[in-house]
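The values are calculated or read from the model by the stated rules, or taken from the named source; none is laboratory data. As the structure is a computational prediction, the values presented were derived from the model and not from experiment. FYI the Cβ positions are ideal-geometry reconstructions off the backbone, even for glycines, and counts take in every protein chain you see.
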Amino acid sequence: MDGIHDLGGRQGFGPVAVDEGEEAFHEAWEGRVLGMVRSMSRPDDWSIDWFRHCRELIDAVDYLSRPYYDSWLQTYAAMMVNSGVANVAELADGKSRTAAHSTPVSAPITADQVAAVAAAPVAFNRTLSTGPLFKTGDPVRAKRHRNSGHTRLPQYVCGAAGVIHTDHGGHVFPDAMAIGEDRGETLYTVGFPAGELWADAENPADMVYLDLWESYLEPG
């Protein structure tokens with residue numbers, strides 16, 4: 001979906017501050033938000049792609065004016081209401097008004113389990129029933145028309161010509177996972193000359209490498 005979250009390659013937002021001192025959180029409440037979302041019980045059908053899709057639905061001005069973890073908090077609140085885990089009144093005052101919810105949720109974890117759960121590896125690779133459409137060295141072009149929902153295809157690469165650099169095999173397809181469909185697609189690393197992406201690139205021959213799923217691509 002072409003929303004305000006897709007800022008790659010856009011002009012008018014000022015320089016990127018690369019010399020800012022590294023710190024985990026700017027405010028103490030940000031750490032509390034991260035701790036809550038890592039340890040909370042959640043519906044079994046939630047996924048990182050569903051979270052990203054919901055976050056991308058935030059109004060543009062609201063999205064740009066909220067701190068990073070504030071948009072996390074807003075997104076998780078919306079997801080909880082959408083799934084029936086909590087209602088707006090419960091989120092507003094922190095008091096449950098129902099004994100139990102019908103939506104299946106995962107078991108909660110304790111504070112001393114948070115670090116281990118956060119560090120546990122998650123497998124996103126998938127076995128595919130068909131072989132890859134492209135091979136290393138093939139010329140390809142990123143499709144111009146993207147999914148109207150969640151997608152990992154950046155706007156600035158749409159329509160650009162590149163070359164397959166690496167075949168990573170089958171991986172969860174985020175566009176489908178965002179709507180609850182767990183299926184895989186071949187994931188490739190694709191190289192694009194900078195001059196193909198930006199007409200005023202200072203070094204047009206420089207290469208930009210992106211990991212893109214098969215359905216994002218067509219023969220070049």
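Of everything in the stretch 89-110 that's charged (D, E, K, R) and at pLDDT 90 or above, which residue is nearest to Ser41 (Cα to Cα)? The residue in question is Glu90.
Considering (1) surrounded by 11 or more Cβ atoms within 10 Å (Cβ to Cβ); (2) out of contact with any Asp or Glu (no Cβ under 7 Å at 6 or more places or on another chain), the lone condition that Thr130 does not fulfil carries the number (1).
So, in the stretch 8-35, exactly how many residues are touching a residue at least 24 places away in the same chain (Cβ under 8 Å), among the hydrophobic types (A, V, I, L, M, F, W, C) and not in a loop (DSSP other than H, G, I, E, B)? Within the stretch 8-35, residues that are touching a residue at least 24 places away in the same chain (Cβ under 8 Å), among the hydrophobic types (A, V, I, L, M, F, W, C) and not in a loop (DSSP other than H, G, I, E, B) number 3.
Could we say that Gly14 is under 30 Å from Ala201 (Cα atoms) and either modelled with pLDDT of 90 or more or not assigned by TED's automatic domain parsing to the domain that holds Met177 (or both) here?
yes
When each of Ala123, Ala86 is tested for being within 19 Å of the chain's Cα centre (by Cα) and modelled with pLDDT under 90, the lone residue that passes is Ala123. All of (1) among the aromatic types (Phe, Trp, Tyr); (2) buried (at least 16 other Cβ atoms within 10 Å of the Cβ); (3) assigned by TED's automatic domain parsing to the domain that holds His53 hold for Tyr68 with one exception: (2). Residues in the stretch 142-159 that are within 18 Å of the chain's Cα centre (by Cα) and not polar (S, T, N, Q): Arg146, Gly149, His150, Arg152, Leu153, Pro154, Tyr156, Val157, Cys158.
Given the criteria over 27 Å from Arg52 (Cα atoms), loosely packed, with under 12 Cβ neighbours inside 10 Å and out of contact with any Lys or Arg (no Cβ under 9 Å at 6 or more places or on another chain), does Ala123 qualify? It is false that Ala123 is over 27 Å from Arg52 (Cα atoms), loosely packed, with under 12 Cβ neighbours inside 10 Å and out of contact with any Lys or Arg (no Cβ under 9 Å at 6 or more places or on another chain).
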